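Asker: Take a look at the following structure, please.
The values are calculated or read from the model by the stated rules, or taken from the named source; none is laboratory data. Treat the numbers as computed from the prediction; the structure is a model and nothing was measured. Reconstructed Cβ throughout: ideal geometry from the backbone, glycine too, with neighbour counts over all protein chains shown. The area values use the complete protein model at the heavy-atom level, side chains included, leaving out ligands, DNA and RNA. Shrake-Rupley method; radii C 1.70, N 1.55, O 1.52, S 1.80 Å.
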Amino acid sequence: MLITKHLKITLFFILIIPEILFSGTFSDGQIKKIDSLEKILATSSPKEKPDILNKLSKKYFSVSLDKSYDFAIKALEISKEFNNKADEALANYNLGNYFYTKSDFENSLDYFKRSLEIEEELGNKKNIAKVSNNIGIVYYDLGNFEKTLKYYLKSLRLEEELENTQGIAHCLNNIGIVYAAWGNKEKALDYYEKSLKLEEILGNKQGIAGSLNNIGIIYSDMGKDKLAIEYYEKALKLEQEFINIKGIAYALNNIGESYFELGEHKKALEYIQSSLEMEIEAGNKTGIAQSYTTIGKIYYRLGNNKKALDYNNKSFKIANSIKLNPTVLDNYDLYYKIYLSLGNYKKALNYHEKYNNLKDTIYNKKFHKQLAEIYAKFEIEKREREKEILRHENEIKEKELLNQRIYLIIIFVLMLVFGVMVYFDIKSKKKANIELKKKNQQITEQKEKSEKTFQELRISEQKLREVNATKDKFFSIIAHDLKNPFNAIIGFSNLLYEDFNKFNENEKKSFIKNIKDASESTFKLLQNLLDWSRTQTGKIEINPEIIDISTIVNDNISILKTNADTKNIKILSEVSFNTMAYADENMIKTVLRNLLSNAIKFTPKSGEVKIFADPFNNFIEVCISDTGIGISKENIENLFRIDKQFKTKGTVDEPGSGLGLILCKEFIEKNGGEIWAESELGKGSKFKFTLPVKV
């Protein structure tokens, strides 16, 4: 047999202080404020007392309701005596809160209405909205949904006029609750979500928790209990943050309800029992009655009619005493189902009749029509207000437009006068500006010419420096590098010529070898010098063609093999056959010959020289690697510079001019490639260059 859930909704009851929803003792700050107010009360005049008494009533509300009541009653009596309407309204409001907390809805409603009457007389919209909302909540608990919606909508209209986002959020939530009771879940969910959005913008955790709880109820009613639990648990976490006993109890109850729907009965009862204990501790009769009903319904579903009847009796006793009609309606329905299950058809019929009679009172035939009429009236009034506001805004805009037109005419006349003055002023200055422009143009042209001349001079100076360096290098080679070999040739030749018969065969061979080595060195130097001088004068021609690097490497190895064998140096070529490049063959032969000769020169005996060639993008990268003495970082930077002298003898004192590497750089760059060196002292050297591949 189907039985309805008894989920606990969160109504936003706008009270005088936030602490009303919390449980706990006084903080040090609260004690100090109360002590301060009581001292002020003792020395205040009779006219001042109502204000202080109302403040004390607020401060005591969260801990001692009886003291809060006493202060509110005194404030009401004195404010009436001195005809202090504002404090009289506030005292009635405080008393309305007190009786609502005590679940005495009739007295609560009476005091709230007195407060509303005075606030309307005073025209205080903010307080009218607040009191109207609370009256709506009391009517909700009494089961009068027609009046509930009427007061909620009144409160919402005023909050919108005041642009009070917090108040609007509360009203939207409470209106959603009415639609949920009406059975319109989709519209209820829409109002809850609007309320939640506003609460999130405000960062009001209490409001967020209430909206989350109510959204969970809608999803539970839709049969989406797992999703509902997610919302309840979010609400519970927030309620626990600020120790809101009532909110915690509601969330626990609702989580229990959803677990029961999911078939987890033991877990469900644990949550609902926890909720009941908190309601009893807080003294919330409404919550206690609702929890008893919920537990009774669970036991009924579990087939335990005895416990179901026991809990329903406890609920009915409280609900009937405080006229909590929606809960009484649930009690009658549960009585009917229990007695029907027990076979006591007479009692079942009796409670079924009571259920129908009360239901007709709460949800009479005109109920839906009246709710629709109230909402429609609210919407019409809202549109009328919007039209009135729009009409008023249009009138203001029309006046503003008229004023703007007048201002524009005045501005136009002033601008016209100013324009005439400016015209003549411009005309008189135009001539001077033209002359000034001409002068500026002349100065600019002169400046540009000067800058151009200066740039040309700088380029010329740089070229001159390079020419001087070339000249110095040239003379240095002629003066020193050519002179020394010839001195050796002439010296050894003279010895042989003058004392030929005095020397034995080995000595003669040694002299002849020295003459041969000096001649070869001199020839090589002269060849490099001639090639280099031709590059400097621009007389050397470049004839690029497809060349096989492997062939050129092997030819140069053959030429220099004797030099390598003298020092027992191995020369290994790992260049594949048909490693083709696009360059001048003679120039590349010269480059490889110089680099191989240097590698042999600076590699000690029994060393090794290797040649590699690998494709790299659209280039061939050639590497001559040796196991020689290496080059320091500082000297590497000077290797290919004509203006820096860098000469070093080989491992067996082979001479060098430094011109070979400069010539290599010239030839490689003229063939569209680059050349560089990689080396460390004592770890050998790698000389690398690139040549293009004809695509």
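Asker: Against the condition surrounded by 23 or more Cβ atoms within 10 Å (Cβ to Cβ), out of contact with any strand residue (DSSP E or B) (no Cβ under 8 Å at 6 or more places or on another chain) and among the acidic types (Asp, Glu), how does Glu199 come out, does it pass?
Answerer: So Glu199 passes the test.
Asker: Let me ask something else about it. Here are some residues: Ser108, Ser103, Ser45. Which one is closer than 23 Å to Tyr139 by Cβ and in a loop (DSSP other than H, G, I, E, B)?
Answerer: Sole residue among the options that is closer than 23 Å to Tyr139 by Cβ and in a loop (DSSP other than H, G, I, E, B): Ser103.
Asker: Could you tell me whether Glu241 is among the acidic types (Asp, Glu), surrounded by fewer than 16 Cβ atoms within 10 Å (Cβ to Cβ) and without any contact (Cβ under 8 Å) to a residue 12 or more places away in the chain?
Answerer: No, not satisfied.
Asker: Scan segment 260-285 for residues that are of a type in the set (Gly, Ala, Ser) and closer than 13 Å to Ala249 by Cβ and jot them down.
Answerer: Within segment 260-285, Ser274, Ser275, Ala282, Gly283 meet the criteria.
Asker: All but one of (1) within 24 Å of Lys323 (Cα to Cα); (2) part of a helix (DSSP H, G or I); (3) at pLDDT below 95; (4) open to solvent by less than 30 Å² (accessible area, probe 1.4 Å) hold for Asp66, so report the exception by its number.
Answerer: The failed condition is (4).
Asker: Kindly indicate whether Ile620 is surrounded by 14 or more Cβ atoms within 10 Å (Cβ to Cβ), within 55 Å of the chain's Cα centre (by Cα) and of a type in the set (Val, Ile, Thr).
Answerer: Yes; evaluated as a whole, the condition is true for this residue.
Asker: Next question, about the same structure. Name the one entry in Tyr300, Tyr250 that is over 26 Å from Thr101 (Cα atoms), touching a residue at least 40 places away in the same chain (Cβ under 8 Å) and assigned to a helix (DSSP H, G or I).
Answerer: After ruling out the rest, the residue left standing is Tyr300.
Asker: While we're on this one: Within segment 250-274, can you find the residues that are open to solvent by 50 Å² or more (accessible area, probe 1.4 Å) and touching a Lys or Arg at 6+ places or on another chain (Cβ under 9 Å)?
Answerer: Glu261, Leu262, His265
Asker: Further question on the same structure: Any residue at all in segment 275-297 that is over 21 Å from Asp141 (Cβ atoms), open to solvent by 20 Å² or more (accessible area, probe 1.4 Å) and in contact (Cβ under 8 Å) with a residue 12 or more places away in the chain?
Answerer: No, there is no match, as no residue in segment 275-297 is over 21 Å from Asp141 (Cβ atoms), open to solvent by 20 Å² or more (accessible area, probe 1.4 Å) and in contact (Cβ under 8 Å) with a residue 12 or more places away in the chain.
Asker: Here's another thing I want to ask about it. Considering segment 567-598 alone, what residues qualify as being part of a loop (DSSP other than H, G, I, E, B) and either within 18 Å of Phe612 (Cβ to Cβ) or among the aromatic types (Phe, Trp, Tyr) (or both)?
Answerer: Ile569, Glu574, Val575, Ser576, Phe577, Asn578, Thr579
Asker: Kindly evaluate Ser132 against the criterion of being open to solvent by less than 40 Å² (accessible area, probe 1.4 Å) and either out of contact with any helix residue (DSSP H, G or I) (no Cβ under 8 Å at 6 or more places or on another chain) or not in a helix (DSSP H, G or I) (or both).
Answerer: no
Asker: For a quick check of your reading: which helices (runs of 4 or more DSSP H) sit entirely within segment 145-236 and have at least 3 residues that are out of contact with any Pro (no Cβ under 6 Å at 6 or more places or on another chain) and small (Gly, Ala, Ser)?
Answerer: Passing ranges, in order: 165-182, 205-221.
Asker: Continuing with this model, one more query. Can you tell me which residues in segment 202-231 are over 28 Å from Lys359 (Cβ atoms) and open to solvent by less than 10 Å² (accessible area, probe 1.4 Å)?
Answerer: So the first thing to find is which residues in segment 202-231 are over 28 Å from Lys359 (Cβ atoms), and the list is 202-209, 211-212, 226-227, 229-231.
Those that are over 28 Å from Lys359 (Cβ atoms) and open to solvent by less than 10 Å² (accessible area, probe 1.4 Å): Gly207, Ala209, Ser211.
Asker: Specify which of the listed residues (Phe602, Phe577) is at pLDDT 90 or above and either open to solvent by less than 30 Å² (accessible area, probe 1.4 Å) or closer than 19 Å to Lys665 by Cβ (or both).
Answerer: Working: Phe577 fails: either open to solvent by less than 30 Å² (accessible area, probe 1.4 Å) or closer than 19 Å to Lys665 by Cβ (or both).
From the options Phe602, Phe577, the qualifying one is Phe602.
Asker: So which residues in segment 299-312 are on the phi < 0 side of the Ramachandran plot and modelled with pLDDT of 90 or more, if there are any at all?
Answerer: Tyr299, Tyr300, Asn304, Asn305, Lys306, Lys307, Ala308, Leu309, Asp310, Tyr311, Asn312
Asker: Considering only segment 303-334, how many residues are surrounded by fewer than 20 Cβ atoms within 10 Å (Cβ to Cβ) and outside any helix (DSSP H, G or I)?
Answerer: Qualifying residue count for the region: 4.
Asker: Given the conditions (1) modelled with pLDDT of 75 or more; (2) open to solvent by 100 Å² or more (accessible area, probe 1.4 Å); (3) over 30 Å from Gly672 (Cβ atoms), report the number of the one that Glu541 does not fulfil.
Answerer: The number of the failed condition is (3).
Asker: Next question. Please state which of the following conditions Phe612 fails to meet, knowing it meets all the rest: (1) open to solvent by 80 Å² or more (accessible area, probe 1.4 Å); (2) not in a loop (DSSP other than H, G, I, E, B); (3) not basic (Lys, Arg).
Answerer: That leaves (1) as the condition not met.
A quick yes/no check of all residues on (1) at pLDDT 70 or above; (2) more than 20 Å from Arg641 (Cβ to Cβ); (3) touching a Gly at 6+ places or on another chain (Cβ under 7 Å):
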| residue | (1), (2), (3) |
| --- | --- |
| Ser476 | no, no, no |
| Ala488 | no, yes, no |
| Glu498 | yes, yes, no |
| Lys502 | yes, yes, no |
| Glu505 | yes, yes, no |
| Lys508 | yes, yes, no |
| Asp517 | no, yes, no |
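Asker: Within segment 218-235, track down each residue that is in contact (Cβ under 8 Å) with a residue 40 or more places away in the chain and closer than 9 Å to Ser258 by Cα.
Answerer: Ser220
Asker: Here is a list: Glu120, Glu81. Which entry is open to solvent by 50 Å² or more (accessible area, probe 1.4 Å) and either of a type in the set (Phe, Trp, Tyr) or within 18 Å of Pro50 (Cβ to Cβ) (or both)?
Answerer: Of Glu120, Glu81, the one residue that is open to solvent by 50 Å² or more (accessible area, probe 1.4 Å) and either of a type in the set (Phe, Trp, Tyr) or within 18 Å of Pro50 (Cβ to Cβ) (or both) is Glu81.
Asker: What about Asn97, is it under 30 Å from Ala289 (Cβ atoms) and without any contact (Cβ under 8 Å) to a residue 60 or more places away in the chain?
Answerer: no
Asker: Let me ask something else. (1) at pLDDT below 55; (2) of a type in the set (A, V, I, L, M); (3) open to solvent by 40 Å² or more (accessible area, probe 1.4 Å); (4) farther than 18 Å from Asn94 by Cβ: which one isn't true of Ile31, the others all being true?
Answerer: Among (1) at pLDDT below 55; (2) of a type in the set (A, V, I, L, M); (3) open to solvent by 40 Å² or more (accessible area, probe 1.4 Å); (4) farther than 18 Å from Asn94 by Cβ, the lone unmet condition for Ile31 is (1).
Asker: So in segment 631-684, with the set limited to residues that are farther than 20 Å from Lys589 by Cα and at pLDDT 90 or above, which one is most open to solvent (accessible area, probe 1.4 Å)?
Answerer: Filtering first and then ranking leaves Glu678.
Asker: Suppose we keep only residues that are out of contact with any strand residue (DSSP E or B) (no Cβ under 8 Å at 6 or more places or on another chain), among the polar types (S, T, N, Q) and surrounded by fewer than 18 Cβ atoms within 10 Å (Cβ to Cβ) within segment 548-562. Which one would you say is farthest from Leu691 (Cα to Cα)?
Answerer: Thr562
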